[in-house]
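The structure appears right after this line, and notes come after that.
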Amino acid sequence: MSEAPVLQPLGHADYVSLTMEFRCNLRCVHCMIEGTMDRLRPESDGHFEEVLRLNRRERRWRGLILTGSEITLRKDLPQLVGRARACGFERVRIQTHGMHLGQPSYARRLVEAGVNEFFVSIAGADAASHDGITLVKGSFERALRGLAFLDTLPGVLSITNTVVTRLSYPLLPGIVAALSELKRLAQMEFWVYFPMAERDEKDLVARHGDVLPHLRAAIADARALGRKVEVKNFPQCLLGELGDALVNAQPELHIDEDFWTEFARNGFYQCVHRDACASTECLGLNSAYLAKFGDEAETLSPLNRVSSPPSGSTIL
Ligand code: SF4
């Protein structure tokens, strides 16, 4: 008997994303909100209930994403998930560093409550590189154990996300290889780092030209394994024939208003070729990148009308 096809994520517009927790128990060097975590407020239970009621009435979204900093720190997570499923959300995704999924009884409890999509951050290709970025020993082994356990459960899909920094870009093909055995890993995402500031104070932004060969290899390898791929915040023109991997769209995000003040400091959409370029997906360069590497006018090249895929994306 042939195996059932792997469950696939829905389109971004099918989901609404709620930030329900701002604590975290990893210390990832690339964390973009570490300076604001203590003052940003999670969405209230009242707002959560409002979204559920709206969906029960209007079926506005098919999927709910529960995110945070680290959503599994909420002890009532299974209850939140159960309430969401009862209000017509056919998909519930959690975004997590995956550490707590290493405990099978906990992972199973979440699935039984109704989580059917797990979005797991993978920082490196092995324990040394991953734990060296999360700064918590054992975090890779526990996340991988969690993904392997989820892989045994029908009706569940996983997605991984890797933040691409000066430290992680050489690891990208190795990350794809390290996860190659997973059958229910439907999608791999590669989010090119931006620092939520005008300067790269932590020296984590990598030159796009240095990232490119590793990113291209990772996209091709992941696709060869049957995975979907989404790249965020990378110049589309540099990706060449792999340009369709650039997907900057995100689900509607409900988050503390103060987050957007910080986010605006990034200064996206700066590209000397912007007016001549037909890309509707590309975010160009941001302020921190420009301050560090300049405008890359010779490296970037505007897309013409034929080579630019259609889109109507928003970021975050
Ligand atoms: S030319 Fe600029 S706007 Fe166009 S794809 Fe390249 S980086 Fe993006």
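For this structure, a couple of remarks:
- Accessible area in square angstrom per residue, the chain, 1.4 angstrom probe: 44
- Among beta bridges that DSSP assigns inside the chain, antiparallel share in %, nearest 5: 5
- Qualifying trypsin sites (Lys or Arg not before Pro) in region 16-59, where qualification requires a DSSP coil assignment and no more than 14 other C-beta atoms within 10 Å, comprise Arg23, Arg27, Arg39, Arg59.
- Expected 222 nm ellipticity per residue - DSSP helices of 4 or more, -39500 (n - 2.57), all of the chain, to 500: -8500 deg cm²/dmol
- Lysine pairs with alpha-carbon atoms under 25 Å apart, the chain, spacing 8 or more or separate chains: 7
- Region 122-250, dipole about Cα centre (Lys/Arg Cβ +1, Asp/Glu Cβ -1), debye to the nearest 20: 240
- Split the accessible area of region 12-267 by element, probe 1.4 Å, and carbon with sulfur accounts for 51%.
- Which of Ala206, Ala143, Ile159, positive extreme of dipole for region 135-206 (C-beta unit charges): Ala143
- Magnitude of the charge dipole, the chain, Cβ model with Lys/Arg +1 and Asp/Glu -1, debye to 20: 840
The values are calculated or read from the model by the stated rules, or taken from the named source; none is laboratory data. Predicted model only: the values in this text are computed from it and were never measured. Note that each Cβ is placed from the backbone with ideal geometry, even for glycine, and that neighbours are counted across all protein chains shown. When the accessible area is computed, the model is the full protein with side chains, heavy atoms only, and any ligands, DNA or RNA have been set aside. Shrake-Rupley method; radii C 1.70, N 1.55, O 1.52, S 1.80 Å.
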